[in-house]
């Protein structure tokens, strides 16, 4: 029997939910511990948005090189903080970092890393009201991964507890 290679996708706010789901679905006492990789993608899409906004106001599209490097350094530091937060909830996980369009990098990493299951959250909840319901509840990244992944995808919604998993949908 081959080892389960589980790729958890971090989005900056879901480390605890991923950690709880992994630890409750695959308890350490079960003997068959999955290999877990935690992935965070520095999404380059906002850079393009910034350049388009600058052009709208008759400014050069690219920031000065020093400012671009400051932004990239801040992105790298944030990525490391998010990965370390994930490592607190999933002990022994391999930490993976990519840069590019999040949905494409998740699929590329899953294939290169040999993931047998991708775990991601539907969408970060907006405000205090919790996760949305209906078609808009799945963000563009999750939708793309669901539609194009070559392995199974476990989609998590909202907070996680074993009791709610046993009870099923409300």
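Nothing in this text is a laboratory measurement; each read-out follows from the coordinates by a stated rule. None of these values were measured; they are calculated from a predicted model. Don't worry about glycine lacking a Cβ; one is built from the backbone with ideal geometry, like all the others, and counts go over all protein chains shown.
Rank these for me by crowding, 137, 150, going from fewest to most other beta carbons within 10 Å.
On the way: 137 15, 150 9.
Starting with the residue having the fewest Cβ neighbours, the order is 150, 137.
Distance in nm between label sites at residue 111 and residue 74, each 7 Å beyond Cα in the beta-carbon direction?
Those two pseudo-labels are separated by 3.4 nm.
What FRET efficiency, computed as 1/(1 + (r/R0)^6) with R0 = 25 Å and r the Cβ-Cβ distance, is obtained for residue 87 and residue 66, rounded to the nearest 0.05? It would help to have the intermediate numbers written out before the result.
Numbers: r = 32 Å, r/R0 = 1.27.
Taking R0 as 25 Å, the efficiency between residue 87 and residue 66 is 0.20.
Give the residues of segment 80-120 whose amide nitrogen is closer than 15 Å to a point set 7 Å from the Cα of residue 35 in the direction of its Cβ.
Zone members listed by number: 92-96, 109-118.
So between residue 44 and residue 2, what do we pick up on full extension, going 0.36 nm a residue minus the alpha carbon distance? Could you put the intermediate results ahead of the total?
On the way: separation 42, 0.36 × 42 = 15.12 nm, distance 3.50 nm.
Between residue 44 and residue 2, full extension yields 11.6 nm more.
Give me the number: length gained by fully extending residue 99 to residue 26, i.e. 0.36 nm times residue separation minus the C-alpha to C-alpha distance, one decimal in nm. Could you put the intermediate results ahead of the total?
Working: separation 73, 0.36 × 73 = 26.28 nm, distance 2.93 nm.
Going from the current span to full extension adds 23.4 nm.
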